[in-house]
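Chemist: Attaching a single structure in structure tokens format; questions to follow.
Readers should treat all values here as calculations from the given coordinates under stated rules, not as data from a laboratory. Here the structure is a predicted model, which is why all the values come from computation and not from measurement. Glycine also receives a Cβ, built like all others from the backbone with ideal geometry; neighbour counts cover every protein chain displayed.
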Amino acid sequence: METNQLITMTKKEAGRFEVIKDLLARKIDGTEAATLLSLSVRQIKRIKVAVRSLGIKGIIHGNRNKKSNRKTNPEIIEKATEHLKKTYHDFNPLLAKEKLYELHNINLSKETVRQLMIKENLWQSRKKHEAKKHFWRERKDNYGDMQQFDGSYHNWFEGRNEQELGLEQCLLLAVDDATGRITKAQFNFNEGVLPVFRFWKEYIITHGLPISIYLDKFSTYKVNHKNAVDNQELMTQFQRATNQLQIKLITAHSPQAKGRVEKMNDTLQRRLVKEMRLAGINTINDANHFLPEIFIQKFNQQFAVVAKKESNLHRKLDVEKMNELDKIFSVQSARKVRNDYTIRFQNNYYQLQEVQPTTVYKKDAIIIEEHLNGEVKISLRNHYLNYSCLPERPKKELDVKLVALTSKKSTNWKPPTDHPWRKSFFINKKQPVLLVGKS
């Protein structure tokens, strides 16, 4: 018989023992004991038998101080800890858990990894956040109904290749509101007109036209000037392009309004940065291949949700509209034809040729289009005009005695000997003229 044995009990177990003693002394019956301990009568009977047989030990659970049959092998814990300290020291527990399984075939729960990281001072235990007090807008019902769009400036490459990339790079990101899927992501140096145009042109070719785009009031997307309140014709290049494509633009008044894409940016700043580090990605070009080929598909499979309805509201473009994309996604500037049928644009001078696809008059308002491939076109009434780039500023002529340029050569007027049309052999037409695009 064992004597002087120290038995450790919790307050709950001590209270339970007192109730069972009263039951054995017949001060209460089994139903009353079950009510006092919030147990079933059947459980009370089992505990009563155990206490009668083992004494106070009958209250304590039989697995107390026994090793679990599901305890992780200490060697696996040691290997996991080594990888955490060496490679994943700045990962969060969820991403560290995924990489341990994916790259090292170590399958641990997120909580186990979290506890290991806390023990090694790689992670700090955080208090649960209070419930958010602001209203969360309900998701759209269908895929393609709304795309949330934003540009995120961050040190995405962690200083690798800093001389070429600088300290910060911009990730252009579109997230579907209904599903939370990343529909397109692309790195660039800034959030200017040309990078945004390239982004959405590729998006539309791949997915089609979304119903609406939800974005912020950055100057690329919205004219932030007091006159724009009263003058609705003031619009950016991006607003003009989306109007032509019949895409509705919704501008948010705060970052929280388009919270899904803002939250996605935060997630990617933690997750994508480390994925590119592990993959050895050090350039924007490599990153823009890595995103669609590897990262986005895997990310969407893990985190995207199912839309309430199955319809895809992206509108496919017909052949005619597809052929107009180059024109729509060009930077367009208004100019006027001068008296000598020249046009000045960004300190370059363009001489309109005598033969044109449509009639051109002096003072006609024309549109100069700077295409994404660097090509410059001059448009009038949906016709592209024939022109040549002058090597220098032309001599000022108050009035060229030619009423208009047409599709037929004029026989009533001949240009003087010093007119640019007479000097066309000085111009190398095969040499492209490079213009600095707007950003």
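Chemist: Along segment 165-181, what does the Karplus equation 6.51 cos²θ - 1.76 cosθ + 1.60 (θ = phi - 60°) give for ³J(HN,Hα), rounded to whole Hz, x for Gly and Pro?
Modeler: Karplus values, whole Hz, x for Gly and Pro: 9, x, 6, 10, 10, 10, 9, 7, 9, 10, 10, 6, 5, 6, 10, x, 6.
Chemist: I would also like to ask the following. Residues with amide H under 5 Å of Asp150's amide H, sequence separation 5 or more or different chain, H placed in the peptide plane at 1.01 Å from N; which?
Modeler: Leu173
Chemist: Where in segment 1-108 are there GluC sites (Glu not before Pro) that are in a DSSP coil and have at most 13 other Cβ atoms within 10 angstrom of their Cβ?
Modeler: Details: sites: Glu2, Glu13, Glu18, Glu32, Glu75, Glu78, Glu82, Glu98, Glu102; in loops: Glu2.
For GluC sites (Glu not before Pro) across segment 1-108 that sit outside H, G, I, E and B with at most 13 neighbouring Cβ atoms in 10 Å, the list reads Glu2.
Chemist: Let me ask something else. Hey, can you grab everything whose amide H is under 5 Å from the amide H of Leu108? Only 5+ residues off in sequence or another chain; H modelled, so Pro and N-termini drop out.
Modeler: Correct list: empty.
Chemist: How large is log10 of I(q)/I(0) for segment 328-376 at q = 0.21, 0.24, 0.25 Å⁻¹ when the intensity is taken from the Debye formula with one equal scatterer per alpha-carbon?
Modeler: -0.80, -0.99, -1.05
Chemist: Write down the Å³ per residue value for the convex hull defined by the alpha carbon atoms of segment 11-59.
Modeler: 58 Å³
Chemist: Packing-wise, with mean Cβ within 10 Å as the measure, how do 275-288, 140-153 rank, highest first?
Modeler: Going from most to least packed, we get 140-153, 275-288.
Chemist: Counting only residues 5 or more places away or on other chains, whose amide H sits under 5 Å from the amide H of Lys184 once H atoms are built in the peptide plane?
Modeler: Long-range HN contacts for Lys184: Ala174.
Chemist: HN-Hα J couplings of segment 32-48 from phi, Karplus 6.51/-1.76/1.60, θ = phi - 60°, integer Hz, Gly and Pro as x?
Modeler: 3J(HN,Hα) across segment 32-48, in whole Hz: 5, 5, 4, 5, 5, 9, 6, 10, 7, 4, 5, 5, 4, 4, 5, 5, 4.
Chemist: How would you classify segment 146-303 from its alpha-carbon gyration tensor, with a ≥ b ≥ c the square roots of the eigenvalues: rounded for a/c under 1.5, else prolate if a/b is greater than b/c, otherwise oblate? Show your work: numbers first, answer last.
Modeler: On the way: a/c = 1.93, a/b = 1.57, b/c = 1.23.
Note, shape of segment 146-303 comes out prolate.
Chemist: Next question. Cα centroid distance between segment 299-353 and segment 167-206, in Å?
Modeler: Using only Cα atoms to place each centre, the spacing works out to 15 Å.
Chemist: Something else now. If you rank Lys86, Lys127, Lys45 by fewest surrounding Cβ atoms within 10 Å, what's the result?
Modeler: Numbers: Lys86 8, Lys127 5, Lys45 15.
In increasing order of surrounding Cβ atoms, one gets Lys127, Lys86, Lys45.
Chemist: Further question: So if we plug the beta-carbon distance of Lys248 and Leu372 into 1/(1 + (r/R0)^6) with R0 = 22 Å, what FRET efficiency do we get, rounded to 0.05?
Modeler: 0.40
Chemist: Please report the orientation-averaged projected area of segment 86-125, defined via the convex hull of its C-alpha atoms, in nm².
Modeler: Numbers: hull surface 10.0 nm².
For the Cα atoms of segment 86-125, the hull's average projected area reads 2.5 nm².
Chemist: Let me ask something else. For segment 195-212, just list the computed ³J(HN,Hα) in residue order, Karplus coefficients 6.51, -1.76 and 1.60, θ = phi - 60°, integers in Hz, with x standing in for Gly and Pro.
Modeler: Values per residue, Gly and Pro as x: x, 5, 4, 4, 4, 6, 5, 5, 4, 5, 4, 7, 9, x, 8, x, 5, 8 Hz.
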